[in-house]
Structure formats: structure tokens, C-alpha cells
Amino acid sequence: MLRIPDLIKKKRDGGALSDEEIAAFIQAVTNKTIQDAQIGAMLMAIWLKDMAATETEALTREMMSSGEVMSWPEEWAGLVVDKHSTGGVGDKVSLVLAPALAACGCKVPMISGRGLAHTGGTLDKLESIPGFNIHQSTEQILQILDSVGCCIVGQTEMLVPADRVLYAVRDTTSTVDSLPLITASIISKKGAESLSALMLDVKFGRAALCKDLSSAKELAQSLLRAGNGLGIPTGAVLSCMDATIGRCVGNSLEVVESLETLKGNGPEDLMELVTTLGGALLTITGSVFDLSEGRKRISDAVTGGAALAKFQDMMEAQGVSAQAARSLCSPHTDYYSVLRRAEHQTELEAPGHGPVLDLDGLVLAEVLHKLGAGRSKAGEPVNHSVGAELLVSLGQVVKKGDPWLRIHYEDPSPTPDQINRLQNALILGSDENAQTQQKRTLVKELLLPD
């Protein structure tokens, strides 16, 4: 009989845990036969002493097997795909990508998360649409995938229960930023979806979990090893997260921008991520000959309206009234006849003259978080109407006094200090810089499975 204190001691002293020992730990977590203090001690031991790749793979596999593992109809073989992002500012990729993939014939059982700290959560964005229900049973997920082809839902009670326990303890024991624990948490949930292909969007930069390209690459390689180790063909993009993705940040505003993108009016940076991730998934599953064909198929699904039709069907299948779904997806609609608009809007004016060189997305996200757009601990409510719209683009020349940011807020109002922080987040150059602005691409590296 393996004793939990012995396992903790072994890891604390730098030993490698065997598959059997890792299985015993996860079983104890799942069956609640272990004390919280022991879970915390094991997590801290892992945080301090790290894990070998074989240990991380075993941890991922045991966590995945701690609950229900989904199974799909035989005729869906090779079609079930998903993506995961490590989190950013204005990251609304899933809202465009899931219906675009469904329009290309894929099945997308996207199990998403909520926002925490400065990063927004896909579920919070969708819940800003009245009636949208992110709680769906396994049977309902099957039904929606059969009829629509995509759904975006929260983690069910039966899926990876060990992760729910470990995630909560990691949060309270300062062990969130451990590579093996991050890897096992992300990949175990994706493994339980029984995927044919998985793409990871690993972000780096000011507003990302990883601050530089090398740490993002290290995280990506750990995730790729674990995903491919479970038998899921897994690829990754390394993408820059310094400013924002698109021009809108905040739950309702990001839904509006996603719908505008699905109507063919999307910003270039958002479409770059959507077509790269989607094109890669179509390439991995063998649906297309190569990445450029994959990118084109995804782009055509978005600009041609097929993805918008799938988004409308998904909204209705997940509880939105037919009238509201139709209204949101119709051209020239008033989005705020359905979505909640913040009581107040205020515009900030450019403090000087020159080209926009940069914008600190982290500062923008942190201020909006304080204004109610995000949460500091799990379970807290968010105000879906709070957010901001960028009124300028990188490289654009602005004059002093031009409006550059519109803030949507309710209670509290932005403080003078917060306004000052936002004004300092906008970096303007001198006129000479105007000619040297390169077109900004977010994707720096693409790693595909062999």
C-alpha cells in the first residue's frame, strides 16, 4: 500500500515518481481520501523539484482518466478538433474559429474556461448573450455537435474531476506557475475530449503568462509532448501578446467584434490567428493538402457567411432565443437591442501627435478588471458591459486631441489614476517613425506534429 506522506517525501527530496505512485496520488485526490494539506504539500514539492517528461505525461494521463472520457460516433473519426489558448487580452479567437471549423465539416466540442486575473474567459464572453447556456450534459454536447458541428461549454462535473480539485489548491498555495502542473491541467481536459487534432495558441509578451519567446517555447514543448504522448496529434503557434487582439476588450464588446468578424469585417490580427489555427487543424486531420489551402478554407468560411450561420445555430442550440440569435447575426443590426450596453462611455484623447507605435495591453486589461470586467477569484460575478474600444490602429498617425480609446463603464467610474495609466499605455512616436511601421503579425512560430 502506497502511503501519501512517502510520496510527498520522495518528490520533496527530488525523486522521480513512478506511474503507479502518480496514479495513487490522483486516485486519492479524486476519491477525497487525502487531506488538503497533503495535496498542497505535493503540489509545492512538484513546484520546487519539477517533473521529468515521463512524470508529466503520467500525471496528465491519470488526471484525464479521473473522470469521464468522451466517445464519439465512428463516422466522426478524424473530424473532432479543438484549440486552447494560454490567455490574452481581447482574445476572442474561439468565438470565430469554432463555427468556422464546423462550417468546414469538423466537430468542435470546445470546453472552455472563465476569466481569472487580467485574462478574459470565453465562457464569460458568451454569457453576455442573454440565454446562452454554457452548462450542457454529455448527451446534449453530442446532440449539438451532431446538428450544428460546434459547441462552447464549461467543464462538466464528470470531466477531469481531479483537475478541479488541484486547480483550486494551486490557486491558494502559489503553485499555479509550475510547468508540469500547467501542462497536466490543460492537456488532461483536452485528452478527455478524445480529439483527432489539437492546436495550442501559446502567447508571449507583456500581457501573456509567458513574458518572452523562450519561456513560451518551453511551455509549448511541454504541452506538445503531453498531447502527442496521449496520442492526440498536437501542434502549436507561438503568438505575440503585447497589445490587444482586435480593437475591443470586455465581454459584450468582444461578442460584437466577433460577430462583425463573422460578417466579414474582422481585424487583420484576429483573422491571422483564426486562419492559422484553423488551417493547421484542417492540415493535421488531412482535410486539406497543406496549410495555405487550410487557411483559405477557414477564411472563405468566415467571409462567405457559412461560419456566421453556424454561430447562429450554436447560439440557438445553447439556449438563445431564435429572435435574439437572428437579430445578432443580421446585417446592420443594433447589437445593444440584445446585448447589455454600459451606462457610461467616455473617450480618451491622444496626448500628443505622431504614429501609434505601441499600446500596453496589460495596463488596459488591469484597469478594465478593476472596473468590473474581470474577477479576482473564482465564482465572482463580472459586469459583461464593461470594456474598451480602441479607436486607433498601430502605425496610424494621430493628432493631439484625437479620441483614441472609448471606455464603457458603470460603477465604479475610472479614477484619475486609472485614466493616467491608460494615457501612459499609448506610445506615440515622432513623425519620422511613420514610414518605418511594419505590418504587425502576431504568429512568430508554428510547430506542427510530425
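Which of the residues belonging to segment 284-303 are outside any helix (DSSP H, G or I), touching a residue at least 24 places away in the same chain (Cβ under 8 Å) and more than 28 Å from Ser137 (Cα to Cα)?
Gly286, Ser287
Looking at (1) buried (at least 17 other Cβ atoms within 10 Å of the Cβ); (2) touching a helix residue (DSSP H, G or I) at 6+ places or on another chain (Cβ under 9 Å); (3) among the β-branched types (Val, Ile, Thr); (4) not in a loop (DSSP other than H, G, I, E, B), which is the only condition Val320 fails?
Just one mismatch for Val320, condition (4).
In segment 367-383, is there at least one residue being closer than 22 Å to Gly88 by Cα, open to solvent by 40 Å² or more (accessible area, probe 1.4 Å) and modelled with pLDDT of 95 or more?
No, the conditions are met nowhere in segment 367-383.
Being charged (D, E, K, R) and in contact (Cβ under 8 Å) with a residue 40 or more places away in the chain is the filter; apply it to segment 33-69 and report the residue that is nearest to Ala168 (Cα to Cα).
Asp36
From the residues in segment 185-209 that are out of contact with any His (no Cβ under 8 Å at 6 or more places or on another chain) and part of a helix (DSSP H, G or I), which one is nearest to Val288 (Cα to Cα)?
Restricting to residues being out of contact with any His (no Cβ under 8 Å at 6 or more places or on another chain) and part of a helix (DSSP H, G or I), the top hit is Gly191.
Need the failing condition index for Lys83 against (1) open to solvent by 60 Å² or more (accessible area, probe 1.4 Å); (2) basic (Lys, Arg); (3) under 30 Å from Ser239 (Cβ atoms), just the number.
For Lys83, the exception is condition (1).
Inside segment 290-307, can you point out the residues that are among the hydrophobic types (A, V, I, L, M, F, W, C) and surrounded by fewer than 24 Cβ atoms within 10 Å (Cβ to Cβ)?
Scanning segment 290-307 gives Leu291, Ala306.
If the requirement is being part of a loop (DSSP other than H, G, I, E, B), among the acidic types (Asp, Glu), at negative phi and not assigned by the TED database to the domain that holds Val169, which of these qualifies: Glu62, Glu57, Glu68?
Testing whether each residue is part of a loop (DSSP other than H, G, I, E, B), among the acidic types (Asp, Glu), at negative phi and not assigned by the TED database to the domain that holds Val169 leaves just Glu68.
If you scan segment 158-209, which residues turn out to be of a type in the set (S, T, N, Q) and open to solvent by 10 Å² or more (accessible area, probe 1.4 Å)?
Hits for segment 158-209 are Thr172, Thr173, Ser174, Ser194, Ser196.
Does Asp358 qualify as being in contact with a strand residue (DSSP E or B) (Cβ under 9 Å, 6 or more places away or on another chain), under 18 Å from Gly88 (Cβ atoms) and either in the same structural domain as Met241 (by the TED database) or surrounded by fewer than 17 Cβ atoms within 10 Å (Cβ to Cβ) (or both)?
yes
For segment 122-142, how many residues meet the condition of being open to solvent by less than 50 Å² (accessible area, probe 1.4 Å), free of Cβ contacts under 8 Å to residues at least 24 places away in the same chain and in contact with a strand residue (DSSP E or B) (Cβ under 9 Å, 6 or more places away or on another chain)?
Final tally of qualifying residues: 0.
Go through Val338, Val356, Val382 for me and flag whichever is over 28 Å from Leu213 (Cβ atoms) and touching a Gly at 6+ places or on another chain (Cβ under 8 Å).
Val382 is the lone residue from the list that is over 28 Å from Leu213 (Cβ atoms) and touching a Gly at 6+ places or on another chain (Cβ under 8 Å).
Within segment 225-248, is even one residue at pLDDT 95 or above, basic (Lys, Arg), open to solvent by 20 Å² or more (accessible area, probe 1.4 Å) and not in a helix (DSSP H, G or I)?
There is at least one residue in segment 225-248 that is at pLDDT 95 or above, basic (Lys, Arg), open to solvent by 20 Å² or more (accessible area, probe 1.4 Å) and not in a helix (DSSP H, G or I).
The values are calculated or read from the model by the stated rules, or taken from the named source; none is laboratory data. Predicted, not measured: the structure shown is a model, and the values here were computed from it. Every residue, glycine as well, gets a Cβ built from its backbone with ideal geometry; the counts of neighbours run over all protein chains shown. Only protein heavy atoms, including side chains, enter the accessible area calculation; ligands, DNA and RNA are left aside. Shrake-Rupley method; radii C 1.70, N 1.55, O 1.52, S 1.80 Å.
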